[in-house]
Each structure stands twice: as C-alpha cells, then as structure tokens.
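The values are calculated or read from the model by the stated rules, or taken from the named source; none is laboratory data. Fair warning: this is a prediction, and the values are worked out from it, not measured in the lab. Here Cβ is always computed from backbone atoms with ideal geometry, including for glycine, and neighbour counts include all displayed protein chains. Heads up: the accessible areas ignore ligands, DNA and RNA and are worked out on the full protein's heavy atoms, side chains in. Shrake-Rupley method; radii C 1.70, N 1.55, O 1.52, S 1.80 Å.
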Amino acid sequence: MRLSVVVPCFNAASTLAVQLNALSRQSVPPWEVIVADNGSQDASKEIANGFTGRLPRLQVIDASRRRGAGAARNVGAAAATGTFVAFCDADDEVDQRWVEGLAAALQSHDFVASRFDFARLNAPGPAYVHEQETGLQTRQYGYLPHAGGSGLALRRSVHQSVGGFDESISFLEDTDYCWRVQQSGTPLAFAGAAVVHVRTRALPLAAFRQARTWACSEVMLYKRYRGPGLQLPGNAQALAEWAKMPRILIQAARGRRSWYGFWWRLGTRVGRLQGSIAFFILMF
C-alpha cells in the first residue's frame, strides 16, 4: 500500500528520534516519510536528516509558513505522493506494527483512527482512562465520533477534498477535521491493530496550559457545531465546578488529590472563560 506518513514537528529534538526510530522498524514499511518542520529552533531538522537512508523516501520539508500542527500536517500532505496519508506526532511512538495495522484497516475504510496506549511513555500514576484506548472518542460532545490527530490515516484525495486541517484553529483542529471529513460523507473507523504510544504532559503547569487551550477551543467548536448537534456541559454545571475548586485545592495541598488533576480542572475553567470572551458566547 502506498502510505505516506507525515510527522509534524516543532522543537521536538528531545523526542523526534524515538518516533523516527519506530517508523524505521515497521513490520511493513511505509511508502514514504515526511517530516514537516514547523519552524523549529532546536536540532529537530538535523535529527530528522540523520535518518536519511534509514527511512523510505524521507523528506524533511519546511512547514514554517504558519504555526500549528494542522498547518504542518497540511504542508506534509501536500508533498505526499502516496494514495493514503497517515499522521503521527513527533513526541509519540508508533508501535512496530502500526503501518501494518493501518494498511489492513484502509483496505475496507477510507478514514481510520489508531488505538492509543498511555503506559509505555508515561510514568506510573493515577489510573488514566481515555476513550481511544478501546475505540473512537464519542462521549465528550454527544456528536460525531472523533480521534486525536496522531494516528489518523485516510485516502489522500479525501484529505484534499475537505481542504485539509483548518489552520485557523490552534487546538482541537483534529476534532474539527474528523467532523468535517465525516460530514463530507466519509465515515471514521477504528483501527484497533494500529497502536500509537502517546506521551502526556508530565508537569502540572503544562497540564494547566493544555487544558486551558483545549477548553478555549471547545467553545469555538461549540459555536461552530451547535446547530448540527454538538453539546457541552451547561453553565449550571460549570458554576458547580467552580464552586468545587477551593475544596479540590485543599485536597491537593493535603496530598489527597494530585496537583496535576487540580491544574487540569482549573485550566479547563479558565479556558472556557477565555473562549467565551474570544468567541462571544457565554460558556463558564
């Protein structure tokens, strides 16, 4: 199968070699690998170029015209020559049979999502349950299924027909992408045999920043898709969450809750307020 793998990259020198090594060890090699550098200021490009000869038809291309993973993926997909294109992030690690699993799923589906694993790349901690460990993500919005951008694969002509990722969206551009592809008539299927080992944010303040930006983008998605049926928790539930924050803070200080969880919940609340201001819709 002519499968092009696109790896968007921004200042990923500490993790990129792990991902490229994983791609070089695939049980079924990809047709080509494209590292789309989004303007890195570290050694990412040098590390990628060091895999010349180890990865099939390796291209390391400049994708710095616009910041963001969606923009980098679009530049990479535009350079691809395969019939199908797959995306994986520079800070994750695909399983050795990832390409093989995608190829099998793409025999009968034009748009698929990989299975996520959180055990390999993250320190042991509180149980973390993610829908994409067992199937597509469906619960959060009560709308069409969606999946993370790392591990998506589809027919390249389908990607082109929807105009690629929306480059105006900094976060949750993968959710928007999944919905637009499905609205165009191509269902999203789960490729359970294609596994991506996902690296999460380790530091509490990093969790706060990620939760804040995601929640802000959720407000944008709600404004865009509430007509077709997207749902988010109402303001009454959001106010109840705000009321819980002092108690959760005290529990974290006493060691009864993780600081990571506290900062994530606080980031979500702050992001909703920022989104309300940015997109002119009240979402606490």
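Can we say L102 is surrounded by 20 or more Cβ atoms within 10 Å (Cβ to Cβ), among the hydrophobic types (A, V, I, L, M, F, W, C) and on the phi < 0 side of the Ramachandran plot?
Numbers: surrounded by 20 or more Cβ atoms within 10 Å (Cβ to Cβ): yes; among the hydrophobic types (A, V, I, L, M, F, W, C): yes; on the phi < 0 side of the Ramachandran plot: yes.
Answer is yes for this residue.
Conditions (1) surrounded by 15 or more Cβ atoms within 10 Å (Cβ to Cβ); (2) closer than 16 Å to G267 by Cα; (3) at pLDDT 85 or above, marked per residue:
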{"site": "A191", "(1), (2), (3)": "yes, no, yes"}
{"site": "H197", "(1), (2), (3)": "yes, no, yes"}
{"site": "L205", "(1), (2), (3)": "no, yes, no"}
{"site": "P228", "(1), (2), (3)": "no, no, no"}
{"site": "E241", "(1), (2), (3)": "yes, yes, no"}
{"site": "P246", "(1), (2), (3)": "no, yes, yes"}
Selection count, the stretch 160-181, where residues are under 26 Å from E32 (Cα atoms) and either more than 16 Å from the chain's Cα centre (by Cα) or without any contact (Cβ under 8 Å) to a residue 12 or more places away in the chain (or both)
4
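Of all residues in the stretch 250-262, which are under 29 Å from the mean Cα position of the chain (by Cα) and either among the small types (G, A, S) or open to solvent by 70 Å² or more (accessible area, probe 1.4 Å) (or both)?
Initial filter on the stretch 250-262 (under 29 Å from the mean Cα position of the chain (by Cα)): 252, 257-262.
Listed by number, the residues that qualify are A252, R257, S258, W259, Y260, G261.
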Identify all residues within the stretch 61-70 that are among the hydrophobic types (A, V, I, L, M, F, W, C) and surrounded by fewer than 24 Cβ atoms within 10 Å (Cβ to Cβ); write none if there are none.
I61
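What residue, among those in the stretch 157-187 that are among the polar types (S, T, N, Q) and either over 21 Å from P228 (Cα atoms) or part of a loop (DSSP other than H, G, I, E, B) (or both), is most open to solvent (accessible area, probe 1.4 Å)?
Going residue by residue through the stretch 157-187, those that are among the polar types (S, T, N, Q) are 157, 160-161, 168, 170, 175, 182-184, 186.
Narrowing the set further to residues that are either over 21 Å from P228 (Cα atoms) or part of a loop (DSSP other than H, G, I, E, B) (or both) leaves 157, 160, 168, 170, 184, 186.
Details: S157: 63, Q160: 112, S168: 77, S170: 82, S184: 68, T186: 21 Å².
Per the criteria, the residue is Q160.
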